Amino acid sequence: MGSSTINSPPSDRKKLSTWEVTAISVGFMGPVMAMSLNGIGVAGLVGKAVPFAFAIAFAGTLFVAYAFVRLLQRVKHAGSVYALAGITIGPKSGFFSGFALLGTYVFMTTCILGACSVFFEAMLQELGAQTPVGLWLLIPIIVSTAGLYLNLRNSSAAARVTLAIGFVGILAMVVLSVVILVKVTGGDSLASTSLDFQTLTPAGNSWSAVMTASVFAFLSWAGFESGSSLGEETANPKRTVPLSLLLAVIIGGFLYVFVMFAQVNGFGTDEKGVAMFAESSSTLTQLGSMYIGQWFSVLISVIAFAVAFGAFLSSSTATSRLIHTLARDGFGPSTFANRDSKTFIPKSSVWATNIIGLLLALALGTAGRTSVEIYYWYATIATLCMVVAYGMASVGAIKFILKKDSSIPRWETIFPLLSVGYLVYVYFIQVVGQEAPYTYFPWISGAWCLLGLIIVLAKPRLANQIGRKLTKEDIE
C-alpha cells in the first residue's frame, strides 16, 4: 500500500501495459474459483435463471466500477477503496472505508480456506477415493501453514505461478463451456433438455429473488480494483489503470455469463438439472467429468485448488498489511506495527491473519458445517462488508462530481447514484429476503462496520489521523 523507497519499483523497470494490468485484475478475481462455486448458491435461489442473475450483477458492478474509473482518471496512485473515500469525502470516511475493507479481507481469507477444501474433496471424489468424515478439516490447516510459510518470506514467485495457473484454468473453463454447448445443441448431451435461452431471462423469478441471488454473483468480481495499486508501474497511470479496471469488469462479465449459460444448460434446465446444479460441490469439476472425462475433471480441480491457494496468499497478505498499517498509526496492538528488520515483513500481523482465518474456518467445521458452507457463509459476510466499502467510493464520486470546480459533467452523477442504489438494495434484500442462517450475515457485517463508525465517533482525532495517512500513502 505504501509508496516508500523500499516498495517503489526501479525507475528503469519496464512499464506495464493496459492489457497487463487488465490481466492482473482479472487474475485476482479468480474466475475459475468463482465459476466453480458461485453459481451453486444462485441456482438454489433462481433455478435456471443463473446467467440472468450474473448479468444483473455484471450491470451493478459496472456502476460500481464507474467511481474507480472516473476518480482514477484524476487521482494518481489512489490504490484502494479507502483512499478514494478519504480523498473525496474526508479522512474519517477513509478510516471507516478501510475498516470495512479489513472485514472484507478477514472474512474473504477465511472463505478461501473453505474453497481449498471443496476443490481437494472434489479431486478425491473424481479419483474414486473415499473421504473420511472430518478429514477435510486438515486442508485449511495445511493451506494456512503453507501460506504462513510463504507470506513470512514474501514469496511473490508463488503468487505469480498461481496467477499463471489461473489463466490456464480460464482457458480450460472456456473449452469445457464450448464442448458443453456443442453437445447440448447437437443433442449429444447428458442433460434431458435442449439449449434453453430462457436462462437469460428472469424465467418466472421475482426481482427480489434475482437481486438476492446477485449477491453470490457479485462476489465473482471481488478484486477487480486490484490493478489500481499498480499506478507507479505504468507509463500513463491516469489512462492505463482506469481503462484496465473497466476492461477487467467487462471481460469478467461476458466470461461469467457465457460460462454460467453453458453450465446451466449442461446440467439441464428442468427440475432435475437445476437440482443437480444447486447440489453440486464444484460445478466445473462435475461437468468436466460428465462432458469430457475424469482426467479433465481432475485437471480442473487441481487448477482450481492452485487458484484458491493463490487467492489465499493474496488475501492474507492484504489483510496483514492493512492490520500493520492501522497498528502503526495507533489503532490496534503495538506488536502489529513492527516489521522484520531484514525482510520488512510485518510478521506479527502475518501470524495474526493466518491464525484468525484458520480459527474462523475450524470453528464452523468443528460445529458440523461443510466446506461448501464455510465458503458461502464467510464469502457472504465478506461481500456485504465490501458492499459498504464500495458504497463509500461511490458516494465519494458523487461528491467529487458535484464540486464547483469538477471537470466531470454533473449529469454523470446518475452512474454512482445507480451504484449506491444497487449496493443498498443488495444489502437490504439480505436482511429481509433470506432465511437463516443467511439472515444473520448482514447483521454480522453490519456490526463490524458499525464498530468502525463507533471508533470514528468515539476517537475522531485518531480516526482522522489514520484516515489521512491511509490516503496519503496511496496518492503520493
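The values are calculated or read from the model by the stated rules, or taken from the named source; none is laboratory data. The shown structure was predicted, so the numbers you read here are calculated from the model rather than taken from an experiment. All Cβ positions, even for glycine, are placed from backbone atoms using ideal geometry, and neighbour counts span all protein chains on display. The accessibility values were calculated without ligands, DNA or RNA, using every heavy atom of the protein model including side chains. Shrake-Rupley method; radii C 1.70, N 1.55, O 1.52, S 1.80 Å.
What to note about this one:
- Extension gain, TYR149 back to GLU412 (0.36 nm per residue minus Cα-Cα distance, nm): 90.0 nm
- Expressed as a fraction of 2.2 N^0.38 Å, the value expected for a compact globular protein of N residues, the C-alpha radius of gyration of the range 349-476 is 1.32.
- The chain, accessible surface, carbon-and-sulfur percent (1.4 angstrom probe): 65 percent
- Shape box of the chain [Cα atoms, principal axes, largest first, Å]: 63, 51, 48
- Most to least packed among 183-190, 49-56, 358-365 [average Cβ atoms within 10 Å]: 49-56, 358-365, 183-190
- Based on every Cα atom in the range 196-329, Rg and the maximum pairwise Cα distance Dmax equal 19.0, 56 Å.
- Accessible surface calculations at 1.4 Å, restricted to protein heavy atoms, place the chain at 40 Å² per residue.
- Helices assigned as whole DSSP H runs in the chain whose Cα atoms extend at least 18 Å along their own long axis and whose mean Kyte-Doolittle hydropathy is 0.0 or higher are found at 31-46, 50-72, 91-126, 138-151, 156-185, 237-267, 294-328, 347-366, 371-402, 414-432, 441-458.
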